[in-house]
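Novice: Here it is, the structure, as structure tokens.
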Amino acid sequence: MRYIKRLPEPDILVQKRDEWQKKFEEKKAKNATARPDSSKYGNPSIRERLEMCSHRKCFYCESLLKGEPKEIDHFIEVAIAPELAYTWTNLYLSCSNCNDKVSHDVIPVDEVLDPCKSSDEEIRANITFEDECICSQPGSEKGLKTIQKFHLNTDLLDLKRGKWLRKIMETAIEIQRCMIADKREKPTQEEKHKLLRYMQPDQPYSMMAEIFLRKKFQRFFT
Ligand SMILES: [Zn+2]
């Protein structure tokens with residue numbers, strides 16, 4: 001997870017939100033378990049804008065969603081806040097792993113990190129990585145609950161992050177090999193940029209990459 005700057009509300013929501021919300025509330029008055037229409041909040045232009053916000057990654061786990069199922073998630077669940085069913089700031093993009101989140105009754109949404117509100121500093125203060133394994137910072141209930149709520153520690157995610165980490169490691173080791181061959185103490189600017197690239201928000205698992213590289217290869221960046 002890392003901070004996501006939300007882009008402006010898509011036009012279709014500005015124009016249709018109130019109408020869609022009214023219809024949903026009428027449906028709900030007849031049937032308490034009625035759900036908002038996913039073909040409306042999942043409209044292609046809303047989906048596209050969400051993908052642009054996160055560089056086509058899951059808002060929670062930073063998995064690249066290219067070719068993967070993408071789900072529109074209500075950050076505050078519809079059961080808790082039906083009035084936010086079509087509200088732009090409550091719509092998040094999620095992979096199927098993270099969308100299957102623990103319900104608000106068990107882990108309330110206000111007790112976890114919010115990628116659209118929590119800064120990278122706050123995220124790092126609550127969550128860290130041991131190689132590809134995510135863990136909460138010592139004593140951080142918020143970190144622990146965030147990991148639990150969005151299942152950020154599944155085997156599948158460890159596998160995907162592990163694969164990406166090996167790629168990062170290979171780049172770093174190759175740079176180190178060149179430095180030894182050239183009898184250099186420091187990487188060239190170009191080599192440094194290759195590593196810094198992995199930490200950019202458009203890259204998958206960029207928070208993990210940053211924590212890993214700063215921990216193991218800090219000397220390259222000073
Ligand atoms: Zn995810």
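The values are calculated or read from the model by the stated rules, or taken from the named source; none is laboratory data. All values reported here derive from a predicted model rather than from experimental measurement. Cβ: placed from backbone, ideal geometry, glycine included. Neighbour counts: every protein chain shown. Just the protein is used for accessible areas: all its heavy atoms, side chains included, with ligands, DNA and RNA removed. Shrake-Rupley method; radii C 1.70, N 1.55, O 1.52, S 1.80 Å.
Novice: Take the residues in region 18-61 that are polar (S, T, N, Q) and part of a helix (DSSP H, G or I); name whichever of them is nearest to L152 (Cα to Cα).
Specialist: Checked region 18-61; the qualifying residue nearest to L152 (Cα to Cα) is S38.
Novice: Return yes or no: is E71 open to solvent by 20 Å² or more (accessible area, probe 1.4 Å) and in contact with a helix residue (DSSP H, G or I) (Cβ under 6 Å, 6 or more places away or on another chain)?
Specialist: So E71 passes the test.
Novice: Test of understanding: among F221, F150, which residue is aromatic (F, W, Y) and within 29 Å of D105 (Cβ to Cβ)?
Specialist: Within the list F221, F150, the selection yields F150.
Novice: Same structure again: Tell me yes or no: at least one residue of region 114-125 is more than 12 Å from the chain's Cα centre (by Cα), within 16 Å of the ligand (Cβ to nearest atom) and at negative phi.
Specialist: Within region 114-125, none of the residues are more than 12 Å from the chain's Cα centre (by Cα), within 16 Å of the ligand (Cβ to nearest atom) and at negative phi.
Novice: Being over 14 Å from M208 (Cα atoms), among the basic types (K, R) and assigned to a helix (DSSP H, G or I) is the filter here; which residues of region 116-163 pass it?
Specialist: K142, K145, K149
Novice: How many of the residues in region 91-100 are open to solvent by 10 Å² or more (accessible area, probe 1.4 Å) and assigned to a helix (DSSP H, G or I)?
Specialist: 3
Novice: List every residue pair whose Cβ atoms lie under 7 Å apart, where the two residues are 6 or more positions apart in sequence or sit on different chains, the first residue falls within region 190-204 and is closer than 13 Å to L64 by Cβ and not assigned by TED's automatic domain parsing to the domain that holds R124, and the second residue, located anywhere, is in a loop (DSSP other than H, G, I, E, B) and open to solvent by 50 Å² or more (accessible area, probe 1.4 Å).
Specialist: Filtered contacts from region 190-204: P201/H55; D202/H55.
Novice: Give the number of residues within region 1-35 that are open to solvent by less than 50 Å² (accessible area, probe 1.4 Å) and modelled with pLDDT under 95.
Specialist: 1
Novice: Among residues belonging to region 52-68 that are within 13 Å of the ligand (Cβ to nearest atom) and at positive phi, point out the one that is surrounded by the fewest Cβ atoms within 10 Å (Cβ to Cβ).
Specialist: The qualifying residue surrounded by the fewest Cβ atoms within 10 Å (Cβ to Cβ) is R56.
Novice: For I134, which of the numbered conditions (1) touching a residue at least 12 places away in the same chain (Cβ under 8 Å); (2) away from the ligand (no atom under 16 Å from the Cβ) fails to hold?
Specialist: (2)
Novice: So which of S103, S140 is surrounded by 13 or more Cβ atoms within 10 Å (Cβ to Cβ) and among the hydroxyl-bearing types (S, T, Y)?
Specialist: The unique qualifying residue is S140.
Novice: In region 147-184, how many residues are away from the ligand (no atom under 16 Å from the Cβ) and on the phi < 0 side of the Ramachandran plot?
Specialist: Residues meeting the conditions: 19.
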